[in-house]
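*Asks:* One structure coming up, written as structure tokens, with questions to follow.
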Amino acid sequence: MPVHAKTATVARIQWVALLFLIAAGIINYIDRSALSIANTAIREELHISPTEMGWLLSAFSLSYAFAQLPVGALLDRFGSRIMLGLGMFFWSLAQAACGLVNNLSIFLLSRAVLGACEAPLFPAGAKVISEWYNQRERGTPTGIFIASSCIGPCIAPPLLTVIMLTIGWRWMFILTGVLGMMLAIGWYLNYRNRQQVPLSAADVAYLEEGERFRVSEKSISGKEWRGLFAHATTWGMLVGFMGVIYMVWLYLTWLPSYLEHQRGLSVAHTGWLVALPYLFGMAGMMGAGRIVDFLAARGMPLIASRKWPVCVGLLGGAAFTLPAIFASSNGVAIGCICVAMFFINMSSAACWTMVSVIVPKRLVASLGSIQNFGGYFGGSFAPIVTGWVVEHTGRYDNALMASAVIAVIAALVYFLLVKKPLPEQTDITPHIDEKGQHYDVSH
């Protein structure tokens with residue numbers, strides 16, 4: 001337990017920041033979910049094939065993935081207040097524009113802009129938590145924030161289905177876009193980066209207790225950013241997150257269609273049933289935050305306390321996806337998917353808790369964005385592969401089986417490569433003690 005007590009100033013900032021991050025994450029995933037909810041209606045109105053829908057679903061994730069690479073460095077240079085504020089405003093504008101399109105090309109462009117502008121959210125959240133929470137207390141707020149990625153898809157199916165059936169899929173996009181723009185303005189007006197807030201000695205004592213890295217205001221350089229790729233840990237986190245997001249993105253983009261076309265459920269029933277796996281996913285994410293803090297508080301090394309939930313979550317997601325494929329009962333299949341979502345989202349949250357302890361604060365957004373790039377670059381293939389499989393076989397079985405295999409491979413890579421923290425300066429050779437927990441940074 002921390003020796004230094006949390007001050008009222010820090011506690012207030014934490015709550016304001018966390019509430020806005022949760023709201024931003026919920027809106028973010030409601031926006032992402034809209035296309036999958038309206039999948040059938042849009043395909044019919046715009047005469048889009050399943051393969052074309054796969055590309056439309058992936059237009060978001062591909063642009064999102066590649067935007068991660070510059071956005072992390074920009075976050076570490078300019079801070080979360082302006083970068084997340086601008087990103088939120090323009091992704092919401094793109095979301096509203098999706099409700100006005102009349103052909104596939106413009107729809108692809110709108111989804112690509114949506115993806116690129118959503119890129120700052122999760123690296124920004126990791127940076128905010130690393131700035132405003134004590135090192136050994138970051139697991140719980142990270143889990144709560146990352147849980148928004150399940151709260152949003154949980155809320156989205158019933159909410160967006162009602163809107164779509166009442167006033168049409170176009171207004172569904174427009175209304176969610178306007179809501180996001182309002183939230184972006186609220187974030188910019190209420191949040192401040194750490195260096196913008198005058199802090200007392202007690203504030204700093206709480207925030208810096210237990211830090212293994214020296215506090216530095218130095219901005220990340222291009223050489224340092226490139227140096228992140230020289231470490232096995234970075235590649236382990238990148239490849240491991242590929243397995244997480246491949247499965248997450250497959251379920252997010254194709255689960256409603258799977259329940260309609262392969263399981264024979266109506267659109268109205270699908271809207272409610274899709275929410276169930278995300279309730280389990282939310283529990284997995286919030287549970288992951290508590291688990292890593294629990295393990296760290298009982299003396300497990302910080303890296304190990306995050307690594308085990310990541311690997312167990314990936315393997316559990318794979319283990320429960322496979323029986324869902326062969327279940328003859330819709331209830332059993334949905335139950336297995338719910339448990340799979342619990343595990344895979346536990347793994348996702350644990351990946352983000354790793355980011356906030358494995359590098360200094362000034363590099364958190366950069367490493368988080370590299371991890372996110374790997375995840376969404378790999379995850380971008382899930383909608384494309386699934387769309388192609390569905391068009392040529394009429395079923396989803398092989399696509400689900402592929403996601404389970406990918407998750408197992410990702411767990412193995414994460415286990416083997418993520419062993420040591422990165423050095424305080426990533427363009428130098430690290431000096432690591434025998435436990436892989438500390439650096440000799442005397443140069």
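*Asks:* If you average the alpha carbon positions of the range 296-368 and of the range 6-47, how far apart do those two centres end up, in angstrom?
*Replies:* So the two Cα centres are separated by 20 Å.
*Asks:* Let me ask something else. Among 82-92, 27-37, what's the highest-first ranking by average C-beta atoms within 10 angstrom per residue?
*Replies:* So the order, starting with the most tightly packed, is 27-37, 82-92.
*Asks:* Let me ask something else about it. Please find, in a Gaussian network model of the chain (springs between Cα atoms separated by less than 10 Å), the residue of Ser348, Ser200, Ser257 whose mean-square fluctuation is greatest.
*Replies:* Judging by the Gaussian network model, the answer is Ser200.
*Asks:* Still on this structure, I have one more. By average Cβ neighbour count within 10 Å, what is the ranking of 236-247, 311-322 from highest down?
*Replies:* Working: 236-247: 27.5, 311-322: 22.8.
The most tightly packed comes first, giving 236-247, 311-322.
*Asks:* Hey, another quick one. Computed on alpha carbon atoms, what radius of gyration and Dmax characterise the range 141-206, expressed in Å?
*Replies:* Here Rg and the maximum Cα pair distance are 18.1, 56 Å.
*Asks:* Enumerate lysine pairs in the chain that are 8 or more residues apart or on different chains, then count those whose Cα atoms are under 24 Å apart.
*Replies:* Taking the chain as the scope, the lysine pair count is 22.
*Asks:* For the chain, set up a Gaussian network in which alpha carbons nearer than 10 Å are linked by springs, and say which option among Phe78, Phe122, Phe377 fluctuates the most.
*Replies:* Phe78
*Asks:* Another question, then. If you place +1 on the Cβ of every Lys and Arg, -1 on the Cβ of every Asp and Glu, and leave all else neutral, what size is the dipole of the range 220-376 about its Cα centre, to the nearest 20 Debye?
*Replies:* Taking the Cα centre of the range 220-376 as origin, the dipole is about 480 debye.
*Asks:* Along the Cα→Cβ direction, 7 angstrom out, place labels at Ser200 and His392. What is the inter-label distance in nm?
*Replies:* Result: 6.6 nm between the two label points.
*Asks:* For Thr9, what charge total do you get from the other residues with a beta carbon under 14 Å from its beta carbon, if Lys and Arg give +1 and Asp and Glu give -1? Don't skip to the answer; put the middle values down first.
*Replies:* Values: positive: Lys6, Arg12, Arg192, Arg194; negative: Glu131, Asp203.
So the surrounding residues net to +2.
*Asks:* What is the sum of charges, Lys and Arg at +1 and Asp and Glu at -1, for the other residues whose Cβ falls under 13 Å from the Cβ of Trp55?
*Replies:* Once positives and negatives cancel, what remains is 0.
*Asks:* Follow-up question, since we're still on this one. Using only DSSP helix segments of four residues or longer, with each worth -39500 (n - 2.57), what per-residue ellipticity at 222 nm results for the chain after dividing by its residue count and rounding to 500?
*Replies:* -26000 deg cm²/dmol
*Asks:* A further question follows. Relative to the Cα centre, what is the charge dipole magnitude of the range 306-422, using +1 at the beta carbon of each Lys and Arg, -1 at the beta carbon of each Asp and Glu, and rounding to the nearest 20 debye?
*Replies:* The calculated dipole for the range 306-422 is roughly 640 debye.
*Asks:* Oh, and also: Across the chain, what fraction of all alpha-carbon pairs, as a whole percent, falls in each successive 20 Å bin from zero upward?
*Replies:* Result, from short to long distances: 28, 58, 14, 0 percent.
*Asks:* Please find, in a Gaussian network model of the chain (springs between Cα atoms separated by less than 10 Å), the residue of Val339, Val16, Val390 whose mean-square fluctuation is greatest.
*Replies:* Answer for the Gaussian network model of the chain: Val16.
*Asks:* Of the listed peptides 278-289, 173-184, 107-118, what is their order by residue-averaged count of other C-beta atoms within 10 Å, with the highest listed first?
*Replies:* 278-289, 107-118, 173-184
*Asks:* Quick one: what does P(r) look like for the range 270-379 with 10 Å bins over all Cα pairs, in whole %?
*Replies:* All Cα pairs considered, the percentages come to 15, 38, 32, 13, 3, 0.
*Asks:* Same structure again: Report the local net charge at Glu391: Lys and Arg +1, Asp and Glu -1, summed over other residues whose C-beta lies under 12 Å from its C-beta.
*Replies:* The answer is +1.
*Asks:* What base-10 log of the normalised intensity I(q)/I(0) is obtained for the range 352-401 from the Debye formula, alpha carbons as equal point scatterers, at q = 0.18, 0.20, 0.21, 0.26 Å⁻¹?
*Replies:* Debye output, listed in q order: -0.63, -0.67, -0.70, -0.88.
Throughout, read-outs are computed from the coordinates displayed, never taken from laboratory work. Predicted, not measured: the structure shown is a model, and the values here were computed from it. Note that each Cβ is placed from the backbone with ideal geometry, even for glycine, and that neighbours are counted across all protein chains shown.
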